[in-house]
Amino acid sequence: MLENAAHDMSYPPARGPVLLLSCMDPRLLDNTAMFMNHDNLENRYDQVIFAGASLGALGGGLPEYKHWKMTFFDHLAGAIELHRIEDVYILEHRHCGAYHKIFKVAAEFDDTPEGMAAEAELHLKYAQILTGEIEDWASARGVKLCVKSFLMDMRGTVSILQMPSGSNGSNGAPKLKKKSKKVKRT
Ligand SMILES: [Zn+2]
């Protein structure tokens, strides 16, 4: 079944070593490895795991989790130092308990088209905020990193996370409000 997952093919896969940021959810561990294999990255990536993926790496915008962000960037620096990574994959997933139980940024989403769209939009929001922080961090150090964000469903199928077509954002920035009560860029 895993081999048949119809992953997104709309983006160019990373050519060199990658840092993968994923969630801790045990239901998707094998699917995560399969997805990386799909991008021909078998045994060619560092992996850092935070509950909530991008939201966790941002420390959830909560003071008590602030150190998570520091830990993420320490690992990013380590991945560059050790393996000269050039790409960062942010892998979000649907029905992420960390979003609604740990960081409480939303109630659990249902499986209606509207619920699924709202869920994808929220994951895009935090993935984009983290992408911005990674790019700022990298440019301050003269490092070039290409960041891609993805959303996995509960079947393990992965789609690239991007702005919905027809939205009016520019420069790839999400049309979502940049400032949220829970997460602020620092
Ligand atoms: Zn999760």
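Taken together, the values in this text are just the output of simple stated rules run on the coordinates, not laboratory data. Note that the structure is predicted; figures quoted are calculated from it, not measured. So basically every Cβ, Gly included, is an ideal-geometry build from the backbone, and we count neighbours across all protein chains shown.
The local environment of F50, defined by Cβ-Cβ distances under 15 Å, has a net charge of -3 under the rule Lys, Arg +1 and Asp, Glu -1. Only Lys, Arg, Asp and Glu carry charge here, each on its Cβ (+1 for the first two, -1 for the last two); on that basis segment 1-128 has a dipole of about 420 debye about its Cα centre.
The share of Cα pairs per 10 Å bin across segment 15-160, counted from zero up to the longest distance, runs 12, 44, 35, 9, 0 percent. Counting only the Cα atoms, segment 17-84 fills a convex hull of 73 Å³ per residue.
Length available on full extension from E114 to Q47: 0.36 nm per residue minus the Cα-Cα distance, which gives 20.9 nm. Here the calculated FRET efficiency for N37 and H95, from their Cβ-Cβ distance with R0 = 30 Å, stands at 0.85, rounded to the nearest 0.05. Comparing Cα centroids, segment 87-148 and segment 3-38 end up 15 angstrom apart. Between G52, T131, S149, the Cα set farthest toward the positive side of the dipole of segment 15-160 (charges on each charged residue's Cβ, about the Cα centre) is that of T131. Note on M9/K66: beta-carbon distance plugged into 1/(1 + (r/R0)^6) with R0 of 45 Å gives a FRET efficiency of 0.75.
Straight-line cross-link partners of K69 among the aspartates and glutamates, defined as a Cα under 15 Å from its Cα and at least 8 positions apart when in the same chain: E133, E135, D136. The fewest-to-most ranking of C146, C23, C96 by surrounding Cβ atoms within 10 Å reads C146, C23, C96. Of all the Cα-Cα pairs you can form in segment 84-160, what percent are over 19 Å apart? The calculated P(r) of segment 84-160 puts 42 percent of pairs beyond 19 Å.
What order, most packed first, do the peptides 149-155, 138-144 have when packing is the mean number of other Cβ atoms within 10 Å of each residue?
My ranking of the peptides, most packed first, is 149-155, 138-144.
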